[in-house]
Amino acid sequence: MKIREYIDSVNNSGTKVLTAFLTAGYPEKNGFVELAQEVFEAGADMLEIGIPFSDPLADGPIIQHSSQVALANGITIRNCLQYAEEIRKLTDKPLIAMGYANPILRYGVKNFINDAASAGYSGVIIPDLVVEEYNELFPDERIPLDVILLCTPTSSAERLQQIDNKSTGFVYCVSVAGTTGIGKTHDEGVLESVGFCREHVKKNKMLVGFGISTPEDVLRFAPFCDGVIVGSAIVRLLEEDKKSNYRSIKNLISGLKKSCIS
Amino acid sequence: MKNNEYIQPSLNGHFGKYGGKFVPETLMTPLAELETMYLECRNDSMFQTELFELHKNYTGRPTPLSYAEQLTKYYGKGKIFLKREDLCHTGAHKINNALGQILLAKRLGKKRIIAETGAGQHGVATATVCAKFGLQCVVYMGETDIERQKLNVYRMRLLGAEVRPVTSGSRTLKDATNEAIRDWVTNVADTHYIIGSVVGPHPYPMLVRDFQSVIGMETRQQILAAAGRLPDYIVACVGGGSNAMGMFYPFIEDSSVILIGVEAAGYGLTTDKHSATLTLGTDGIFQGMRTYLLQNEEGQVSEVHSISAGLDYPGVGPEHCFLKDSGRVLYRAVTDDEALNALKLLTIKEGILPALESSHAIAYLEKLMLETPKDEVVIVNVSGRGDKDLATIIANEGMDE
């Protein structure tokens, strides 16, 4: 399903979109598809699947660690494509690939977007791709999936407009200057800068990520966005939680989803 | 006579297809601010005078261009000159860039400086300028490098810097750089990142090159005075590539001058223990730039090796990538053993103990001098001094009585 149409339909039913992030093949190579299924069944609307990279410079310690474990588990881009194919058989909800530019470049950008689209991904997020370099990676007009760009508290109004113009699917608003998994989102300035982004992102829907870990966080950001993305808070629990069939993860996600509804 | 006019990078920071800005969005605004401030300072005579005076009275510039009489005799031909960056304050060319960038940071109103370091030379240079200008300094350094460069760690701490051990990845220079970038993304409002080489996102490769090109500009004048003509060959080592870029840049339009960059072949190019990025790397995107990269089939960055911690880096400056593809600069590689032998040779022949990094450039003379006819003028950039490497040398050689 097209990401934009899906976000529209969720928003039209009166709720914000909850996007969960998992690192492909973490905590285990086997059982990842089942984990994804649990995440969806617990209430996630969309799933972002991280392609592991040796040098994830936008990520904090939690996702760095998951990435290293996934690489040690032997996860390749092909595995990430296979996961999508299998998850696609279980649900129609959108899957989004998150990958740093280098593994995608190495795989071949054109091959990657074609293969990702046919595997069932609806979009891709490249955290080290900014609007200025967009054409370096994607010189073609027609791209078979959405390329979701990021905006941050440091983006100027002019940049926000460029990002909004170029991005498809939605715009990913990074709530704070920092890497993933930092919890410092409790001052008023954060809401103010997310509000500033919201004002200038007009064409696209806007989802907020970074530093969102609790149902309370979702409630605070809900008025300023169309949905949220939760990564480190989920990934942090996985290793421990797999022993108990991901009970904590399911509780966390259903709690977050409740906040999206109210 | 400028028949080879060279203007790089493009306005958007590309050297051909290399370079650019492949960074998280958070850094785009500070990178733009840095670029604007730098372009302003480049044309500001007050800034340039301040930097010139600092170089003269603090760094000890100009550094000499020494005729290496004994080394020339040893090879039996040519005329070998050494550019003596080892005589710079703090012991390497790194101070040229650190001073330039600290002046930029002051003008940008930044209160806090961060840096990455491998061998510790850039960390020491950054800690030094922070001490001099009274700015807070945090240096990221891989745990592995902290272990092998203890003296420099202590030196940085004496200078008032906080050295933060990096435990992610391979715990060396590339991981220290990742961690510095993560710090910058998080503390962007009050922090300036002093990158140590001609790497990273635009405008860093350009501005570090410009700050280092004082090396080549001095050399040009000095060789014209000493030999009455331009050199035939210039040799410099390449890790990230800042000493080489600074040396080559003022000669780049002189097509008669053959420029040679020397990379680290480690245990050998047929092993996986080397750092010969331009020789064996492939097209990649790494730490903010498009560059040649040592990586596997999956695009995961390789763990590289060199006896010299300063060359132990899987990427390389984007301008070097461009100069390799264009053929203007030749890139070669020498092994750990060849570098060690060169270190000993220069020390015994000239009484100059070069850094292990610089020893790679000196080692290439073994090949170059075989090929040269008789009267060529050859300049080697001695980018730093080797005192810091004594522990490594002892570990490799033992302490013979």
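The values are calculated or read from the model by the stated rules, or taken from the named source; none is laboratory data. Remember, predicted model here, so these are calculated numbers, not experimental data. Positions of Cβ are generated from backbone atoms using ideal geometry, with glycine treated the same way; all protein chains shown enter the neighbour counts. For accessibility, only protein heavy atoms count, side chains too; no ligands or nucleic acids. Shrake-Rupley method; radii C 1.70, N 1.55, O 1.52, S 1.80 Å.
Filter segment B:332-346 down to the residues that are open to solvent by 50 Å² or more (accessible area, probe 1.4 Å) and part of a helix (DSSP H, G or I) and list them by number. So that I can check it myself, show each step before the final result.
Looking only at segment B:332-346, we keep the residues that are open to solvent by 50 Å² or more (accessible area, probe 1.4 Å), and these are B:332, B:337-338, B:341, B:344.
Listed by number, the residues that qualify are B:D337, B:E338, B:N341, B:K344.
Could we say that A:E28 is more than 14 Å from every other protein chain (Cβ to nearest Cβ), open to solvent by 10 Å² or more (accessible area, probe 1.4 Å) and outside any loop (DSSP other than H, G, I, E, B) here?
In short, no.
Residues that are more than 14 Å from every other protein chain (Cβ to nearest Cβ), among the polar types (S, T, N, Q) and in contact with a helix residue (DSSP H, G or I) (Cβ under 9 Å, 6 or more places away or on another chain): does segment B:295-303 have at least one? Spell out how you get there, then give the answer.
Taking segment B:295-303 as the starting set, the residues that turn out to be more than 14 Å from every other protein chain (Cβ to nearest Cβ) are none.
No, there is no match, as no residue in segment B:295-303 is more than 14 Å from every other protein chain (Cβ to nearest Cβ), among the polar types (S, T, N, Q) and in contact with a helix residue (DSSP H, G or I) (Cβ under 9 Å, 6 or more places away or on another chain).
In the list A:I75, A:I87, which residue meets the criterion of being open to solvent by less than 40 Å² (accessible area, probe 1.4 Å), aliphatic (A, V, I, L, M) and under 17 Å from the mean Cα position of the chain (by Cα)?
Working: A:I75 fails: under 17 Å from the mean Cα position of the chain (by Cα).
Every option except A:I87 fails the conditions.
Conditions: (1) crowded, with 16+ Cβ neighbours inside 10 Å; (2) within 11 Å of B:V235 (Cβ to Cβ). B:E357 meets all but one. Number of the miss?
Every condition holds for B:E357 apart from (2).
Out of the helices (runs of 4 or more DSSP H) lying entirely within segment A:72-130, which hold 3 or more residues that are farther than 27 Å from A:R159 by Cβ?
Values: elements: A:77-88, A:101-107, A:109-119.
Where helices (runs of 4 or more DSSP H) fall fully within segment A:72-130 and carry at least 3 residues being farther than 27 Å from A:R159 by Cβ, they are A:77-88, A:109-119.
State which residue is surrounded by the most Cβ atoms within 10 Å (Cβ to Cβ) when the search covers only segment B:52-63 and only residues that are under 19 Å from the mean Cα position of the chain (by Cα) and in contact (Cβ under 8 Å) with a residue 60 or more places away in the chain. Before the answer, list the steps.
So the first thing to find is which residues in segment B:52-63 are under 19 Å from the mean Cα position of the chain (by Cα), and the list is B:55, B:59-63.
Next cut, in contact (Cβ under 8 Å) with a residue 60 or more places away in the chain only: B:55, B:61-63.
Details: B:H55: 21, B:R61: 20, B:P62: 18, B:T63: 23.
Among residues in segment B:52-63 that are under 19 Å from the mean Cα position of the chain (by Cα) and in contact (Cβ under 8 Å) with a residue 60 or more places away in the chain, the one surrounded by the most Cβ atoms within 10 Å (Cβ to Cβ) is B:T63.
Out of all the residues in segment B:231-249, is one or more in a loop (DSSP other than H, G, I, E, B), within 14 Å of chain A (Cβ to nearest Cβ), open to solvent by 30 Å² or more (accessible area, probe 1.4 Å) and closer than 29 Å to B:F52 by Cα? Before you say what the answer is, go through the steps one by one.
First, the residues of segment B:231-249 that are in a loop (DSSP other than H, G, I, E, B): B:231-232, B:238-241.
Restricting the remaining residues to those that are within 14 Å of chain A (Cβ to nearest Cβ) gives none.
No.
Listed here are the residues, each with its yes/no results for (1) open to solvent by less than 40 Å² (accessible area, probe 1.4 Å); (2) within 22 Å of A:L95 (Cα to Cα); (3) β-branched (V, I, T).
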{"position": "A:I163", "(1), (2), (3)": "yes, yes, yes"}
{"position": "A:F170", "(1), (2), (3)": "yes, yes, no"}
{"position": "A:V176", "(1), (2), (3)": "yes, no, yes"}
{"position": "A:T180", "(1), (2), (3)": "yes, yes, yes"}
{"position": "A:G195", "(1), (2), (3)": "yes, no, no"}
{"position": "A:K202", "(1), (2), (3)": "no, no, no"}
{"position": "A:F210", "(1), (2), (3)": "yes, yes, no"}
{"position": "A:R236", "(1), (2), (3)": "no, yes, no"}
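Please state which of the following conditions A:D140 fails to meet, knowing it meets all the rest: (1) out of contact with any Ser or Thr (no Cβ under 8 Å at 6 or more places or on another chain); (2) within 8 Å of chain B (Cβ to nearest Cβ); (3) over 21 Å from B:L294 (Cα atoms); (4) in a loop (DSSP other than H, G, I, E, B).
In the conditions (1) out of contact with any Ser or Thr (no Cβ under 8 Å at 6 or more places or on another chain); (2) within 8 Å of chain B (Cβ to nearest Cβ); (3) over 21 Å from B:L294 (Cα atoms); (4) in a loop (DSSP other than H, G, I, E, B), A:D140 misses (2) alone.
Can we say B:L39 is within 14 Å of chain A (Cβ to nearest Cβ) and part of a helix (DSSP H, G or I)? Working first, answer last.
Working: within 14 Å of chain A (Cβ to nearest Cβ): no; part of a helix (DSSP H, G or I): yes.
No: the conditions fail for B:L39.
Check whether at least one residue in segment A:108-126 is free of Cβ contacts under 8 Å to residues at least 40 places away in the same chain, closer than 16 Å to B:G288 by Cα and more than 10 Å from chain B (Cβ to nearest Cβ), and report yes or no.
Within segment A:108-126, not a single residue is free of Cβ contacts under 8 Å to residues at least 40 places away in the same chain, closer than 16 Å to B:G288 by Cα and more than 10 Å from chain B (Cβ to nearest Cβ).
Picking from B:R220, B:R209, which residue would you name as being more than 16 Å from B:L65 (Cα to Cα) and touching a helix residue (DSSP H, G or I) at 6+ places or on another chain (Cβ under 6 Å)?
Working: B:R220 fails: more than 16 Å from B:L65 (Cα to Cα).
Going through B:R220, B:R209 in turn, just one is more than 16 Å from B:L65 (Cα to Cα) and touching a helix residue (DSSP H, G or I) at 6+ places or on another chain (Cβ under 6 Å): B:R209.
Which of the residues spanning segment B:168-225 are outside any helix (DSSP H, G or I), of a type in the set (A, V, I, L, M, F, W, C), touching a Pro at 6+ places or on another chain (Cβ under 7 Å) and buried (at least 24 other Cβ atoms within 10 Å of the Cβ)? Walk me through how you get there before you give the answer.
Filtering segment B:168-225 for residues outside any helix (DSSP H, G or I) gives B:168-172, B:187-203, B:213.
Checking the rest, the ones that are also of a type in the set (A, V, I, L, M, F, W, C) come to B:188-189, B:194-195, B:198-199.
Applying the additional criterion that residues be touching a Pro at 6+ places or on another chain (Cβ under 7 Å) yields B:188, B:198-199.
Residues satisfying the conditions are B:V198, B:V199.
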